[in-house]
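Report on the structure given below.
Please treat every number below as a calculation from the coordinates, not as lab data. Fair warning: this is a prediction, and the values are worked out from it, not measured in the lab. A quick note on method: Cβ atoms are made from the backbone with ideal geometry, for glycine too, and the neighbour counts reach across all protein chains shown.
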Amino acid sequence: MIFELAGLKLNVEFFHSVENNKPPLLFLHGFTGSTEDWKPITAKIDKSFPAIGIDIIGHGESDSPGNEELYTAEAIANQLNNIIELTIKGKVILVGYSMGGRAALNFAIKYPEKTAALILESTTPGIVDEKLRKERIKNDDDIIKFIRTHSIREFVDYWMEKEIFSTQRRFSEEKRNRIKESKLRNNPVGLANSLLGFGTGKMFPLFEQLKDIKCKTLLITGELDTKFTNINMNIIKLFPDAEHKIIKNAGHNIHLEEPEKFIIEVNKFINSLMHL
């Protein structure tokens, strides 16, 4: 369903609904993704929890405006809040993967009263070191240039071959083609502006703010994704109430590579939220 907010159209997918007092799960995809990525997962998530997904600005069926100010961390947090106000009118359990995890973190810090719990898959709070931040921005600028000078198909081929996704090369050609076809539905303008406004280097680092996240938090990383597993092993102590699960045989995208294990951990976590 498309919602229009001050001229910006955002796509919301209602995976399943149920009339009870439990807060809905709000699924947020990663860069080049969409709500479609979550359908195999939400089909097996505990149905006593309502579940929705949002195509983050610049992705899926949501708008891809040219104004990069609409893609900043603050703008995205506000867009998520507006959607929640229109649909849920209460607290949510945010489930964010990679870029979606960063969006969930920013939302939880800005809107703690709306955040019942957090599930962060392969997520970083940003980059503190100024030199490393500049290197990341330069790297993203190179990707933006590639997006703007190549076809969407050439970009998706290039993106899927990046080393961070090397563990997905074990997939069958049929599965890789399905993933590729989903990514091809994205708008190049939206993808470029997502990196311009909300790349990891552009996002204000949130390490010092993690202590203010009072809700229960589940960090999930893949055993084969050593970079993000190390990041999460270091940040877990910064949260007041967090646990970290490392999934065997999984790389960066756990819900795609080891969906059953991901579903087990999510269901276990949401059913442990005794106060809900």
Original post:
Among the trypsin sites (Lys or Arg not before Pro) within region 76-143, which fall in a DSSP loop and have no more than 10 other Cβ atoms within 10 Å of their own Cβ?
Top reply: 89
Subject >> Rule-of-thumb Rg ratio for the chain [Cα; 2.2 N^0.38 Å; N residues] >> reply: 0.93
Original post:
Taking a point 7 angstrom from the Cα of residue 178 along the C-beta vector, which residues in region 15-40 have backbone N less than 20 Å away?
Top reply: 15-16, 28-40
Subject >> Charge dipole magnitude, Cβ of K and R +1, D and E -1 - region 69-215, Cα centre, debye nearest 20 >> reply: 260
Subject >> Within the chain, longest stretch clear of exposed GluC sites (Glu not before Pro) (DSSP loop, no more than 15 other Cβ within 10 Å) >> reply: 20-160
**OP:** With no solvent and one equal point scatterer placed on each C-alpha of region 119-234, evaluate the Debye formula and give log10 I(q)/I(0) for q = 0.16 Å⁻¹, two decimals.
**Re:** -0.96
Original post:
Quick one: if you take sqrt(5λ) for each eigenvalue of the C-alpha gyration tensor of region 68-177, what semi-axes come out, biggest first, whole angstrom?
Top reply: 29, 19, 15
Original post:
Across all directions of projection, what mean area in square nanometres is found for the Cα convex hull of region 74-129?
Top reply: 3.8
Original post:
Say the dipole of region 2-270 comes from +1 at the beta carbon of Lys and Arg and -1 at that of Asp and Glu; which of 50, 146, 238 then lies farthest toward its positive end?
Top reply: 238
**OP:** Obtain the nm distance between the two label points defined at residue 260 and residue 18 by a simple spin-label model: each point lies 7 Å from its Cα along the Cα-to-C-beta direction.
**Re:** 2.3
Original post:
Mind checking the dipole of the chain: about its Cα centre, +1 per Lys or Arg Cβ, -1 per Asp or Glu Cβ, Debye to the nearest 20?
Top reply: 400
**OP:** Evaluate the Debye formula for region 37-92 with equal point scatterers sitting on the alpha carbons, no solvent, and hand back log10 of I(q)/I(0) at q = 0.18, 0.19, 0.21, 0.30 Å⁻¹, in q order, two decimals.
**Re:** -0.75, -0.82, -0.93, -1.21
Original post:
With each label point set 7 Å from Cα along the Cα-Cβ vector, what nm distance links residue 132 and residue 85?
Top reply: 3.6
Original post:
Say a paramagnetic label sat at a point 7 Å from the Cα of residue 271, along Cα to Cβ; which residues of region 27-44 have their backbone N under 14 Å from it?
Top reply: 44
Original post:
Given 10 Å bins starting at zero, what is the percent of C-alpha pairs of region 1-110 in each, up to the one with the largest pair distance?
Top reply: 15, 52, 29, 4, 0
**OP:** At 0.36 nm per residue, minus the direct Cα-Cα distance, what do residue 139 and residue 5 gain on full extension? Give it in nm, one decimal, please.
**Re:** 45.0 nm
**OP:** Counting helices only, and only those DSSP H runs with n ≥ 4, report the 222 nm mean residue ellipticity of the chain as the sum of -39,500 (n - 2.57) divided by its residues, in deg cm²/dmol to the nearest 500.
**Re:** -12000 deg cm²/dmol
Original post:
So how long is each side of region 108-162 along the principal axes, counting just the alpha-carbon atoms, biggest first, in Å?
Top reply: 43, 29, 18
